[in-house]
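Data block below; observations after.
The values are calculated or read from the model by the stated rules, or taken from the named source; none is laboratory data. Note that the structure is predicted; figures quoted are calculated from it, not measured. Here Cβ is always computed from backbone atoms with ideal geometry, including for glycine, and neighbour counts include all displayed protein chains.
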Amino acid sequence: MKKSKYLLITLLTSVLVITSCGEQKSFSSALLIGKWKRPVVAPDGKQGFDCYRYDNGGIGATWDTSEDVSEGEAQAFRWVLSEDQLSITHLGQMGQEIPKRYTIKILNSTTLSYTDNYGTSFTFTKFTEQP
């Protein structure tokens, strides 16, 4: 009898753990609006920032200060946030579209952190001044 109770408790605990692991987080796109940066180093060793600006309406721009690119020269992109999935479609100068998909881990008023499909993590901080 004791063994049956132990097995039942173990089974119920396992079911609860398995079902709670599958929950998907949901993030507000309002928190994404604004400018975000992360430190980068260019191939020539110059330090700078990888910057993203997310605007209302699912549009934005990205630039890399380590490669002497300013916000005025930024590459345009479209974005969609659905629950914890961030889809960004970069718009190339020749009309090509480059889609990328990320899973957001953290999104609050100061930090944006996500991983790509290969498991690489990217962490940005929100900024208002020049990067």
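Screening GLU83 with (1) free of Cβ contacts under 8 Å to residues at least 40 places away in the same chain; (2) more than 20 Å from LYS126 (Cβ to Cβ) gives one miss only, at (1).
Against the criterion of being on the phi < 0 side of the Ramachandran plot, touching a residue at least 40 places away in the same chain (Cβ under 8 Å) and of a type outside the set (S, T, N, Q), PHE127 qualifies. For segment 79-131, filtering for residues that are of a type in the set (D, E, K, R) and surrounded by fewer than 11 Cβ atoms within 10 Å (Cβ to Cβ) leaves 2. Taking the criterion of being in contact with a strand residue (DSSP E or B) (Cβ under 8 Å, 6 or more places away or on another chain) and more than 14 Å from ARG38 (Cβ to Cβ), the residues of segment 108-131 that qualify are SER109, ASN117, THR128. Which of the residues that make up segment 98-131 are part of a loop (DSSP other than H, G, I, E, B) and closer than 13 Å to ILE88 by Cβ? Residue satisfying the conditions is ASN117 alone. Considering each residue of segment 66-78 in turn, at least one proves to be of a type in the set (Gly, Ala, Ser), closer than 18 Å to PHE122 by Cβ, surrounded by 15 or more Cβ atoms within 10 Å (Cβ to Cβ) and in contact with a Phe, Trp or Tyr (Cβ under 8 Å, 6 or more places away or on another chain).
Whether any residue in segment 75-94 is part of a loop (DSSP other than H, G, I, E, B), at pLDDT 95 or above and of a type in the set (A, V, I, L, M, F, W, C) is what I want to check. No, every residue in segment 75-94 fails to be part of a loop (DSSP other than H, G, I, E, B), at pLDDT 95 or above and of a type in the set (A, V, I, L, M, F, W, C).
Only a single criterion out of (1) surrounded by 10 or more Cβ atoms within 10 Å (Cβ to Cβ); (2) closer than 25 Å to THR128 by Cβ; (3) modelled with pLDDT of 95 or more is not satisfied by GLY57, namely (1).
Considering segment 9-44, and only residues there that are among the polar types (S, T, N, Q) and part of a helix (DSSP H, G or I), the residue that is modelled with the highest pLDDT turns out to be SER29.
THR62 satisfies every condition listed in (1) touching a residue at least 12 places away in the same chain (Cβ under 8 Å); (2) in contact with a Leu (Cβ under 8 Å, 6 or more places away or on another chain) except (2).
Just one of the listed residues (GLU83, GLU71, GLU129) is under 11 Å from TYR52 (Cβ atoms), out of contact with any Gly (no Cβ under 7 Å at 6 or more places or on another chain) and among the acidic types (Asp, Glu), namely GLU71.
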